[in-house]
Each structure stands twice: as C-alpha cells, then as structure tokens.
Amino acid sequence: MATFLQQLCVDWPAAPARPAPDALRTRALSQLSPARDGGALPPGALGTVCLKELVEERGRMAGYDPNLDSCVVTEDALSVLAELQEAGQQTLEDGPPGPAAAPAAGMDGCTVVHVVSCEEEFQQQKLDLLWWKLDDQAPLRQKHLVCGPVKVAGVPGSLTALEYYELRQAQVCKASARKHGRDLTSDPAWTEVFRVLSVASIKFEMLSTAPQSQLLLALADRTSVKGTRSGVFVMYNCARLATLFEGYSLGVEQGLYPAAPPASRLDFSLLRDEGEWLLLFNSILPFPDLLSWTGALARATPGLHTAVRTETVCKFLVQLTMDFSSYYNRVHVLGEPRPHLFAQMCARLQLLRALREVLHAGLAMLGLPPLSHV
C-alpha cells in the first residue's frame, strides 16, 4: 500500500524506521489490569487497560463507540503507537514554519487524522485512546475519517492496489495510442504525461465517491465522462487550455495579435455568449466558496469524526471542464487577426485565464499537476 500511495504522489506520514516501543511498554506495564472474571488473555497480550474512564474524563463521549471499555495491550499495538509517535514528530519537524510547527507547541499543535476502514473503526478508536493513556505528549486533537469498503465489479477474487494501478496505466497508454496513431510508451517525453494521466484517472475514480460510502470499481475501460475516464477528461481539457494560450503567445510573437492589455481596460460587455456566463457563474465565482467549504479538515469541530468532501471537488472540476469543452468546441477564441475582433478576443482570453487559475487550483487540491499536452 505504501508503494501505491507513492505512485499516486500521496505524501503519507510514516516513521523513517520502525521505532522500539520501550517507553510505551514501561508505561503500559505500570497500568495493566488483571483479566476480568479470571478470563485468560490471548497469546502475546501483556494485559488490559481501562479506557472508559479516560473517555469520561476527557469529555469525549460524542462519537466513540458506547461499548468501549478496556483494551488488550499487545506488542503489536505498542509498535503501532510508537510509529504514530515517530511519524507525528517527524511531520512537525519537516512541516512549514509557524506557530503550530514551533518546537514549543509539540504534538498539541497538530491534528492527527486516523484514516480507517469501517471494519476497523472500533479497534482504531481503542488505539486512539490507548495513545492518550500511555503518552502524556499525545496530540490533543485526534479525528477519525472512516472510509467505506472498496469493491471490484464483476471480478472474482481480489485485486491488489498495484495491479489496479497497472491496469489503469495500461488503459491510459492504449487510449493515447488510439488517439495519436502510434505507441508512445517508449518515448521519454511522454513518460511523465502517462504517469499523471494514470494518477488522475485513479484519483478521480476513487475520490468521486464520498469517503464513507462504498466504492465500486468498474475495471472496464469506459468512455463515459462520469466513469473511469473523468480524470483523463479533466486533464485533456487542462491541456487544451494550455495549447490555447501557447497559440496566443505565438501569435503575439509573430505580430498577429496584440499583447493582452490590463484587465481594467478590457470591455467585458463583449462577452455575450451563454457559455461565457456559464463559466463565470458556475465555475469562477463559486470557487472561493468551494475552497472554504472543502479545503480543510474541520479541526476544531466537536466530536470524534471528521469528513472530507472530495466528491464535491471532483464533481466541480468535471462540470467545469464539460462547460469549457462545450464552449471551446463552439467558439473560436483565437479568431482572425483583424483589429475589430481583438477587443472581444482579449476579453475572452481574460475569462479563460481566470478559468485556468481555478482549474489549476482545483487540481492542486487533489495533488495533481496541470498538463500542457496529452
């Protein structure tokens, strides 16, 4: 899974090496309770610690499973906690400067988000509380992002994450060969393009479903914009925007078009096409609200669970590119090099510059770079 996350360019926090949980073991041994009712502990267990009292003391009942009582302490659990400690400290040391990253702030200055499957949520809540129980420096803010199951449609058995990545990459390369009429996989100039397209395909497919819902992967190479092709479709239109501005810059160099005047001198009343209003009111103007709504985890909200709205970001970007694609196919932005057309052309280019900024910022939220060609 770590390799899969690296392929998706996900900067997942991890301890540089598996640390020894000596301090945690010493603290745990001092707080172990005997097995209740004379019951035997499972093999490898050091003992049990009471968690219910800690939940009540912290006033953190909201969101925790009401059946949480005691936790069996094992060497494996202590090793996982030691990795959490080390990864959290490493993140603080490598993070950007600021009050939350200052050494004096310690772990209190960060929020730990446990990304956990619905099947493992109960055990992860125990680990969360055990960290508080055994470590005085444990972060005060711990949130849980519970993710639904991932299923594969129509395929018996299991599919590994790496096999899934290789499948989507092969589909991207095959689609490119159909488009360009030749196989480009051996061309070094296209290696990074294929990598980004593969990552975009996977991220849009997985993040277009709300994290808490079940994700059903359709492995067939569909052509629907709303299916597995949505990420490629978005990146394709990102490249079309780049090509448009490259064409304009080349026209300016050749003396065909004038250099773009300041926005304050443009006549935006010349933007009369319905598609231009769609781009403005459906994509450009609402984007700041989308950022404030989805751009950060709710750190200070009460309760244990947090939510991310990746599906909202994906839906927004797909709709933006669909509107742009429709407009671009119908309107010739770079018209004939005639002076009486320049004012409208420059107004349209300014609108599309704003759209490009929104698109690039939206892709950055998903950890995707813009492409200049596909």
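Filter region 129-186 for residues that are assigned to a helix (DSSP H, G or I) and among the β-branched types (V, I, T) and give the result.
Across region 129-186, the qualifying residue is only V172.
Let's see how each residue does on (1) closer than 19 Å to D135 by Cα; (2) at pLDDT below 75:
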| position | (1), (2) |
| --- | --- |
| Q6 | no, no |
| L29 | yes, no |
| L32 | yes, no |
| K52 | yes, no |
| E57 | yes, yes |
| R60 | yes, yes |
| V80 | yes, no |
| Q90 | yes, yes |
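Conditions: (1) closer than 30 Å to H360 by Cβ; (2) free of Cβ contacts under 8 Å to residues at least 40 places away in the same chain; (3) of a type outside the set (A, V, I, L, M). Y165 meets all but one. Number of the miss?
Going through (1) closer than 30 Å to H360 by Cβ; (2) free of Cβ contacts under 8 Å to residues at least 40 places away in the same chain; (3) of a type outside the set (A, V, I, L, M) one by one, Y165 breaks only (2).
List pairs: first in region 115-131 and of a type in the set (V, I, T), second outside any strand (DSSP E or B), Cβ under 7 Å, 6+ apart or cross-chain?
Here the result reads V116/Q124, each pair linking region 115-131 to a residue that is outside any strand (DSSP E or B).
Quick one: is L250 of a type in the set (A, V, I, L, M), buried (at least 17 other Cβ atoms within 10 Å of the Cβ) and farther than 30 Å from E120 by Cα?
no
If a residue has to be more than 17 Å from K203 (Cα to Cα), modelled with pLDDT of 90 or more and of a type in the set (G, A, S) to count, how many in region 151-174 make the cut?
0
What number of residues within region 128-150 are crowded, with 17+ Cβ neighbours inside 10 Å and touching a strand residue (DSSP E or B) at 6+ places or on another chain (Cβ under 9 Å)?
Number of matching residues: 14.
Restricting region 331-349 to residues that are within 34 Å of the chain's Cα centre (by Cα) and surrounded by fewer than 17 Cβ atoms within 10 Å (Cβ to Cβ), which is nearest to Q254 (Cα to Cα)?
The selected residue is V333.
Which residues, taken from region 165-182, are charged (D, E, K, R) and loosely packed, with under 12 Cβ neighbours inside 10 Å?
R178, K179, R182, listed by residue number.
Within the set of pairs 6 or more residues apart or between chains, which connect a residue that is over 15 Å from S292 (Cα atoms) inside region 308-320 to a residue that is aromatic (F, W, Y) with Cβ atoms less than 6 Å apart?
Qualifying pairs under 6 Å: C314/F204.
The values are calculated or read from the model by the stated rules, or taken from the named source; none is laboratory data. Keep in mind the model is a prediction, meaning the values are calculated, not measured. Glycine also receives a Cβ, built like all others from the backbone with ideal geometry; neighbour counts cover every protein chain displayed.
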